[in-house]
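Input: a single structure, listed below in structure tokens.
Each value in this text was obtained by applying a stated rule to the coordinates, not by laboratory testing. All values reported here derive from a predicted model rather than from experimental measurement. Cβ placement follows ideal geometry from the backbone for every residue including glycine, while neighbour counts extend to all protein chains displayed.
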């Protein structure tokens, strides 16, 4: 794999100076076009130490307009970062649409070094590469251009390079004993790198292997490849937009599903909606569960076990009230309620999962999502706010996201608060009558109500595709608010208890 | 995940009879449209025993035009099949463009059952699911519609169903002790199935979970889903074709790479082309290696170790002559030379790898490809016969294919026979002068020669992306035919020797 990057390719100073001005102009022009585009560029630099990853990123920063680029390098995770799933820090740093992000010591760093040092097996490295593939695929599916450069040096060239740096008093500090240690493990490193490249070089995220020995050759290749790749992607996106437009007016009009299918019971219609709790019973059970939650949460806080709660449900199903009963048992500094409405401008410029990743909170905290990432497969699907492809692949993206939350040791509960259409109507009417509740009722609520059937189908699919053993849905019979509140509280407590046991 | 498929959904006979005629007409109409299309439909039926996988496939066969459907079910591999990599039998059976293939006990069968019986760990099942993902992704990338139905029954419903079959003397034979054994492992089965679905439900190959308890409900869902999916895919393909056309005339004209990059040495220019072997030396070494090959091959044949040899190289580089020197040492019944020219009509109607899979031969045989699957990243890339996306993703598809060959215990060698442009010119001239060699020289050879630089770049990328530790390229200095022949023979012998050692 690397033979082709040990050929001694060189560009002289004169040659480079002759092409530099034009190349630079072209890059700036490409960057200008990119600013108007609806995708970010994600550049990953990987490779052998001393092969010029940093210098190349530096040159790119120097040549391009720095207002539209971000560069990130990662070392040991900070406290802030260790509290979250490992990919949190990469999500946080993703460039928004129109920008270029350069990543050094990126998501490839830890799996590769852990393998080289023998801390993980080949199979374990592969598992981590799958996660990387999912990450890059999700970004690429969303339109991002993912471009990866692997800077290579032969063993001999690496030695020469380290020596040269050492011999110059101005650069000697750059060479540490760790560098020489790595050099001794060169063969292991290159073997693991080959597997890494094989497993993660995909059509949508290709590795470009670059001979790194000569700086000017390396610059010329990277800059030229980058310019061509962005240009081609700009064209590709424009063409893709035309397809999307095309698919909105399909040749064959979509026929509604036959009635014998739409009239079938759904996962919701199978719920026993008569369940109820009356006054005294409710008060007692609520107090019990709140006391339990309070105790459990204090233990979770001590142990750094975070809790993520997701609330979805029909309009007027009582999400807000239930959440308040929950947070009442907690200390205000320990929880955060995230109401999910239409995304902000900043959020729209990112992958749809970005705004949920950013809200994952520090160890021991409780994060409550009042509506959530499931909007993609509910409202966005039903209202046609995203393409069919987009919501269909969202199931996999969501499962992957939740798996990372659970693997990081967090407790995750997902609630669908269900009420019947009749109960909803009664609550709507009540709201419109009580003055201080009128603000809660909007025209949109009435419009959504008309699409009850379509939402029910979407909920059914959602449960089918995302209710898993590691992240099950809890369907809550919420015609009775009292019943619903106690059921939610009890479920959270049970999950916390189980999570605390696991974390021992 | 399966809660939503245990709701007791039912369609009465009257209801079904009322929609059946129209549904059937629509399906036939969709099938008619599909026949003109440039993609196949691949339907996978998985699920719980007794949930109606077979009956549903039967109904589809009854309702549709059987000339354009194929149905395949798999049990223990035949002798023929065991000799090849496990996926050989699935590739062999893939429907061609315009057809519908239905797969029962498909590629999911073995990983799932092996997991349920505890023969593989979760991580091992995951590894096998990755292979499945690659397989389905390659087909979908090529345009195929992959649609998967998971037929579900609750534990109770499965028991009821098995009992019912047993009680009827006409169907009792269908229930075996194995079925009851499986029923006892229901929970394990469903747990493994959940993971399987989560790992393999992708945007391009979604699992549809179908409640299987009521036959008419199940039929209605499957037939309706299928009809809608094919219709949508027909529209999507048409839109995609428009993009492809759009991308052929990019907004920004592709600029050629700057000369400072194109003039760089390539993996080929670094070869020492003066290497040679003269008469006596050649004869002796050739005889030695041929004798060695003959002995090694006999051992390989006894042990059932197959050999796959790939020959690529410039026109007139001496592939034919080298192959003849090799086959002379073998028994004609033991080897097969596959000359790869333009694909046949039958082959064009399949994924480009299909025609190579089909030629993998039985245990202990030698299969020699005179040109190969690398055409995708060489001639098809350079001549623009396929899209950029297609040849870029081919590297991964090829690595996956070769990994399967090597994992099956076959010996794989890949040769690039290199000559200099001057040597090629001399050989062309010689061919045009010697009458009995004139047929070998075509106008195309001269045209290819003009694109030497583009081919050299493509060869460099090919080696970079596909020369791996498990399947390395051997670059052969072939200006001297004698040197080339001995080097190839020796490399094959060394590889065979190593392969035989591993197979012990």
Worksheet, complete the sentence: Expected integer from the mean partner chain Cβ neighbour count at 10 Å over B:258-266 is 6
Worksheet item: Can you give the mean number of other chain Cβ atoms that lie within 10 Å of the Cβ atoms in peptide B:418-426?
Response: 0
Fill in: Contact order normalised by residue count of chain B, Cα under 8 Å, 6+ apart, percent
18 percent
Worksheet entry | Taking all pairs of distinct alpha-carbon atoms in region A:172-282, Kirkwood radius in angstrom | 22.1 Å
Worksheet entry | Shape box of the protein assembly as shown [Cα atoms, principal axes, largest first, Å] | 105, 83, 53
Worksheet item: Averaged over all directions, how much area does the convex hull of the C-alpha atoms of region B:314-383 cover when projected, in nm²?
Response: 5.6 nm²
Item to complete: Could you grab the relative contact order for region B:279-503? Cα pairs under 8 Å, six or more apart, rounded to a whole percent.
Response: 33 percent
Worksheet item: So how do A:413, A:386 line up by other beta-carbon neighbours within 10 Å, fewest first?
Response: A:386, A:413
Worksheet item: Across the residues of A:388-401, average count of Cβ atoms on other protein chains within 10 Å?
Response: 3
Practice prompt. Just need log10 I(q)/I(0) for region A:1-73 at q = 0.12, 0.26 Å⁻¹, Debye formula, equal scatterers on the alpha-carbon atoms, no solvent, rounded to two decimals.
Written response: -0.46, -1.28
Item to complete: Determine the distance separating the Cα centre of region B:379-396 from the Cα centre of region A:382-431; give it in Å without decimals.
Response: 40 Å
Fill in: region B:196-219 residues near the modelled residue B:62 label - backbone nitrogen below 17 Å, point 7 Å along Cα→Cβ
B:214-219
Worksheet item: According to the Cα gyration tensor, what semi-axes, each the square root of 5 times an eigenvalue, does the equivalent ellipsoid of region B:164-216 have, listed from largest to smallest in whole Å?
Response: 29, 16, 8
Discussion item. Please list, by residue number, everything in region B:134-148 whose backbone N is under 18 Å from a paramagnetic label point 7 Å out along Cα→Cβ of residue B:385.
Written reply: B:142
Discussion item. Going by Cα centres, region A:473-504 and region B:96-132 are how many Å apart?
Written reply: 36 Å
Fill in: Calculated P(r) tail over 25 Å for region A:397-504, as whole % of Cα pairs
38 percent
Response to the item:
Rounded to the nearest 5, the percent of antiparallel DSSP beta bridges in region A:3-245 equals 5 percent
Worksheet item: Which FRET efficiency, nearest 0.05, do residue B:174 and residue A:185 yield, Cβ-Cβ r, R0 56 Å?
Response: 0.40
Discussion item. Can you show me the helix-derived [θ] at 222 nm for the protein assembly as shown, built from DSSP H runs with n ≥ 4 at -39,500 (n - 2.57) apiece and divided by the number of residues, rounded to the nearest 500.
Written reply: -17000 deg cm²/dmol
Practice prompt. Write down the Kirkwood hydrodynamic radius of region A:279-503, to one decimal in angstroms, obtained as one divided by the mean of 1/r over all alpha carbon pairs.
Written response: 18.3 Å
Response to the item:
Distance in nm between residue A:324 and residue B:407 label points, each 7 Å along Cα→Cβ, equals 5.7 nm
Worksheet entry | Packing-based exposure ordering (other Cβ within 10 Å, fewest first) of A:463, A:379 | A:379, A:463
Fill in: Other copies of residue A:121: label-to-label distances in nm, shortest first, labels 7 Å along the beta-carbon direction
0.4
Worksheet entry | Whole-angstrom gap from region A:170-204 to region B:255-310, using each part's C-alpha centre | 30 Å
Worksheet item: Which whole-number percent gives the relative contact order of region B:3-238, counting Cα pairs below 8 Å spaced six or more residues apart?
Response: 33 percent
Item to complete: Between copies, how far apart are the residue B:332 label points? List them in nm, one decimal, shortest first, with each point 7 Å from Cα toward Cβ, please?
Response: 9.4
Practice prompt. Give, in whole angstrom and from largest to smallest, the semi-axes √(5λ) of the equivalent ellipsoid of region B:220-296, with λ running over the eigenvalues of the Cα gyration tensor.
Written response: 55, 32, 8
Discussion item. Please list the three semi-axes, largest first and in whole Å, of the ellipsoid equivalent to region B:3-238, using sqrt of 5 times the eigenvalues of its alpha carbon gyration tensor.
Written reply: 27, 25, 16
Worksheet item: When a footprinting reagent is the concern and you count Cβ atoms within 10 Å, what order do B:185, B:151 take, fewest first?
Response: B:185, B:151
Worksheet item: Evaluated at 4 °C with a viscosity of 1.567 mPa s, what Stokes-Einstein diffusion coefficient in µm²/s does chain A have when Rh comes from the Kirkwood expression over alpha-carbon pairs?
Response: 50 µm²/s
Discussion item. For a protection proxy built on the mean count of beta-carbon atoms within 10 angstrom, sort A:354-363, B:67-76 highest first, please.
Written reply: A:354-363, B:67-76
Discussion item. Placing the label point 7 Å from Cα along the Cα-to-Cβ direction, what are the distances from residue A:304 to the equivalent spots in the other copies, shortest first, in nm to one decimal?
Written reply: 5.3
